[in-house]
Amino acid sequence: RMNATGLVSSQAQALVDDLSPAVGRYKFATEESEIAAGIYAISHFVGRAPARFLLLFVSLEALFKPIPRSEVAQKHVQSLIETTKQAQIPTDERDAIASALTFLKSRSIAQTGRELAATLLEGQTYEGMDAATFFSHIYKMRNDIVHQGKIEPGAAHSILGEFDRFVSELISRQYAEP
């Protein structure tokens, strides 16, 4: 066992004293935005570009609140669910299909992301693209990695800087007013 006493220089302590009231005044508007910020922070400790890319995307998804589709579209999806429940297929397949269909009652991740980017990042550009177009680009890259296990060598690495800025700017708009 060892006893130790910490010593903080007066300059460092002055910095902490100056920053503490300012930092403590701000909080995230929702629990989802706080989770997104946490995942975003963790992404900076991941060395491999594809893994960091995916963590940045997951932090975005934590912000998404899919909007319900129109009433007509929801009724159509519900009719598909009911038809599926009556289908003469194995129960596990029938239940899995019906469950997957329920997600179609709300707008997709792609639609939600484009709308969020267009609304909160209006006028911003990333890699020469408006925010909604940039989101579509990174969404396609995400799908290639997740669903096909492929990514062009260097593609994730080359876009990480702009993607990081994109995510940080979306998260920065999630603070509640002090």
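The values are calculated or read from the model by the stated rules, or taken from the named source; none is laboratory data. All figures in this text were calculated on a predicted structure; none of them were measured in a lab. Note: ideal-geometry Cβ built from the backbone for every residue, glycine included; neighbour counts use all protein chains shown. Note: accessible area is taken over every heavy atom of the protein model, side chains too, but ligands, DNA and RNA are not part of it. Shrake-Rupley method; radii C 1.70, N 1.55, O 1.52, S 1.80 Å.
Observations, loosely collected:
- Each of Leu104 and Gln148 was given a label point 7 Å from its Cα along the Cα-to-Cβ line. The distance between the two points is 2.3 nm.
- Taking a ≥ b ≥ c as the square roots of the eigenvalues of the alpha-carbon gyration tensor, the stretch 91-178 is classed oblate because a/c is 1.5 or more while a/b is no larger than b/c.
- Point-to-point label distance, Leu120-Glu34, nm (Cα→Cβ direction, 7 Å offset): 1.7 nm
- Using a probe of 1.4 Å, the accessible surface attributed to Leu170 totals some 0 Å² when neighbouring protein chains are kept in position.
- Compared with the direct C-alpha span, the chain from Tyr175 to Lys140 gains 9.8 nm at full extension, assuming 0.36 nm per residue.
- Solvent-accessible area per residue for the stretch 40-178 (1.4 angstrom probe, square angstrom): 59 Å²
- Spatial separation of Cα centroids for the stretch 51-115 and the stretch 124-148, in angstrom: 20 Å
- The modelled label-to-label distance for the pair His76/His44, using points 7 Å beyond Cα in the direction of Cβ, is 4.5 nm.
- Dipole of the stretch 85-164, positive end: most advanced residue of Thr102, Ile89, Thr125 [Cβ charges, Cα centre]: Ile89
- Area accessible to solvent at Phe64, 1.4 Å probe radius, in Å²: 30 Å²
- Solvent-accessible surface (1.4 Å probe) assigned to Ile39 amounts to roughly 40 Å².
- Rounded percent of accessible protein surface that carbon and sulfur make up, the stretch 55-119, 1.4 Å probe: 60 percent
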